[in-house]
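Notes for the one structure printed next.
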Amino acid sequence: MIPDRSGRFSDWHNNLKKMNKPKISIVVAVSENRVIGNKGKLPWHILEDMKRFKELTTGNIVIMGRKTYESIPEKYRPLPNRINIVITRNKDYSEKKIIICNSIQASINEAKKFNKEIFIIGGAQIFQQGIKYANKLYLTIVKGNFEGDAFFPDYSEFKKVVAKKESRDDNYQYTFLDLGRTVKKVRHKGS
């Protein structure tokens with residue numbers, strides 16, 4: 001540690017490490033029963049949610065599984081004005097203008113090279129593997145229970161409410177809920 005102008009010591013090294021650690025977030029629309037998809041499609045169509053997704057992710061990095069990538073209409077692939085990283089186990093998979101990785105860890109390592117916010121955007125297997133790396137969730141919680149075959153994993157470690165906004169359209173009620181991961185306090189012996 002080195003002294004600052006007042007003569008006090010500042011922990012500049014820890015601050016430097018924090019500045020260089022990219023934020024890893026998950027952005028997802030999820031029903032109250034944690035459904036995120038059914039037969040390869042979203043169970044809802046919410047324009048405000050799609051606008052929010054675009055605003056959050058534009059200029060940043062999006063990580064997704066191959067099935068999620070291929071579910072995006074071809075005219076929007078790769079997602080414009082974002083670095084698209086696609087995870088697949090298929091070593092022969094080839095697609096122009098995207099980065100291909102074979103694991104969530106490899107995709108995060110690749111994404112860290114760009115010094116931008118990293119967004120994990122699905123699908124279910126990628127969320128399951130990636131949630132342990134995330135420090136923020138951008139949720140759109142759609143009111144109601146939906147039928148589905150793809151589910152979002154447990155996110156009970158994310159308890160810090162950063163922002164919350166209720167909204168609705170003609171068909172759905174939903175809440176935009178931004179959550180931070182709860183940091184567990186470490187107890188030292190003798191405390």
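The values are calculated or read from the model by the stated rules, or taken from the named source; none is laboratory data. As the structure is a prediction and not an experimental result, all values here were calculated from the model. Methodologically, a virtual Cβ is constructed for each residue, glycine included, from the backbone with ideal geometry; neighbour enumeration extends over all protein chains shown.
Here R52, R66 are screened, and the one residue that is over 29 Å from D169 (Cβ atoms) and modelled with pLDDT of 95 or more is R66. Within the stretch 24-49, the set of residues being among the charged types (D, E, K, R) and at pLDDT 95 or above comprises E32, R34, E48, D49. Among the residues examined, K91 does not qualify as within 15 Å of L79 (Cβ to Cβ) and at pLDDT below 95.
One line per residue, one yes/no per condition, for (1) without any contact (Cβ under 8 Å) to a residue 24 or more places away in the chain; (2) of a type outside the set (K, R):
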| residue | (1), (2) |
| --- | --- |
| I99 | yes, yes |
| N102 | yes, yes |
| I118 | no, yes |
| L139 | no, yes |
| K143 | no, no |
| A150 | no, yes |
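Residue count for the stretch 126-152 satisfying the condition of being outside any strand (DSSP E or B) and within 15 Å of T68 (Cα to Cα): 7. Let me confirm something: among R89, R52, R82, R77, which residue is charged (D, E, K, R) and surrounded by 18 or more Cβ atoms within 10 Å (Cβ to Cβ)? One residue alone meets the criteria, R52. G190 fulfils the conditions (1) at pLDDT 95 or above; (2) at positive phi except for a single criterion, (1).
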